[in-house]
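Take a look at the structure set out below.
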Amino acid sequence: MGHSLQARYGLKRVINASGRMSILGVSAPTDSVMEAMKQGGQQYVEIADLVDKSGEYIARLLGSEGAIVVNSASSGIALSVAAIVTAGDPRLSLRLHQEPVLKNEIIMLKGHNVQYGAPVETMVFLGGGRVVEVGYANEGRKEHIEQAIGDRTAAILYVKSHHAVQKNMISVEEAWEVAQRQGVPLIVDAAAEEDLHKYVQYSDLAIFSGSKAIEGPTSGIVAGKKKYVEWLKVQLHGIGRSMKVGKETTFGLLQALDEYQDKADHSEREKLALEALQPLAGLPGVSVRIVQDEAGRRIFRGRIQIDSSVAGMDAKNVNDQLREGVIAVYTRDYGVKQGYFDIDPRSLQGDDLQVIVSRIHEIVGGEQA
């Protein structure tokens, strides 16, 4: 089916060398996950029962008191905030933006208020919270959080992400220490993280994407203390109704989680595959090296550095041409202003790597590879 389905609707073939990016549909679930979605989607079930039972199943896997499937990590943020600011009060939940909520401040490190496709603060406000930024763009300390806690503080939100500033920021363990000492709930947004158990241990509610590391359908998970998960369920009849999850998604996610428990670590194999990029170093002004993920995950990427004075074009220009070709090649392009872009091997399929190499040859070398 593959490319013919794309062609049927006039879509380009896409090579995803950017990793798990929402802009390209995040990940490609396995056949067994898609099969679970098919079977789950073709049968009827009491949704309220499915919400409870799937939540219990996930909580057992993650070692949390409770859990719930949501439709994305983004809605996980909005719903977690709504749960805590309303304290699960049904009337307040149904009238979230109509009734004044006095205890609605969500404390967040300035370096964590990132834009990941939407701003984190937008999700907080959607959930009825008000963001109180603490610390500085290049420094976030325990006392910055501690000093901002007051009568109107509802929760602390910690964002664990490669998008966030990494420099001089306290760890999630340190944020948890402050939260516990002050008796304030801690929400951790760990959307793309791979260690699901860790963040459950250091939070009251931990939010994960179901489609990034887990490679399930488009979805999210919120796992944590039973009380807060129950409060979150109340939101499903309020703002959560506009973010509801289909039964097929829930069954697909459960299957993906089962498979994730014993997912092999392919990082060494992926690292080896990236050696195919080395010939590009023969091009004028191009150098290639292997780098590890900036947030410390076991992910290796090929970094293509372009010296514009020698190559006659800069990294941004090469990257734009890759993306705008007949086959759209998306790299991990956070570094183009510094003269490089990265090739993430995790989502590459078939002959993708060869196509990338020959495209860069065409663009920089001006010849057919």
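For the reader, a short list of remarks on this structure follows.
- Residue check, VAL85 more than 30 Å from ASP342 (Cβ to Cβ), surrounded by 23 or more Cβ atoms within 10 Å (Cβ to Cβ) and hydrophobic (A, V, I, L, M, F, W, C): yes
- The set of residues in the stretch 55-82 being open to solvent by 10 Å² or more (accessible area, probe 1.4 Å), part of a helix (DSSP H, G or I) and more than 17 Å from MET243 (Cα to Cα) consists of GLU56, TYR57, ARG60, LEU61.
- Strands (runs of 3 or more DSSP E) contained entirely in the stretch 300-369, each with at least 2 residues that are touching a strand residue (DSSP E or B) at 6+ places or on another chain (Cβ under 9 Å) and surrounded by fewer than 20 Cβ atoms within 10 Å (Cβ to Cβ): 300-306
- VAL101 being within 20 Å of TYR228 (Cβ to Cβ) and either assigned to a loop (DSSP other than H, G, I, E, B) or open to solvent by 20 Å² or more (accessible area, probe 1.4 Å) (or both): yes
- Within the stretch 176-231, the set of residues being crowded, with 22+ Cβ neighbours inside 10 Å, in a helix (DSSP H, G or I) and within 20 Å of the chain's Cα centre (by Cα) comprises LEU196, TYR199, VAL200.
- For the criterion of being surrounded by 18 or more Cβ atoms within 10 Å (Cβ to Cβ) and more than 25 Å from LYS212 (Cα to Cα), VAL286 passes.
- Selection status of GLU275, over 25 Å from SER161 (Cα atoms), among the acidic types (Asp, Glu) and out of contact with any helix residue (DSSP H, G or I) (no Cβ under 7 Å at 6 or more places or on another chain): yes
- Filter pass, VAL165 being of a type in the set (A, V, I, L, M, F, W, C), more than 19 Å from the chain's Cα centre (by Cα) and not in a strand (DSSP E or B): no
The values are calculated or read from the model by the stated rules, or taken from the named source; none is laboratory data. Quantities reported herein were computed from a predicted structural model and do not represent experimental measurements. Because the Cβ atoms are built from the backbone with ideal geometry, glycine has one as well, and the counts that use them run over all protein chains shown. Side chains included, ligands, DNA and RNA excluded: accessible areas come from the protein's heavy atoms. Shrake-Rupley method; radii C 1.70, N 1.55, O 1.52, S 1.80 Å.
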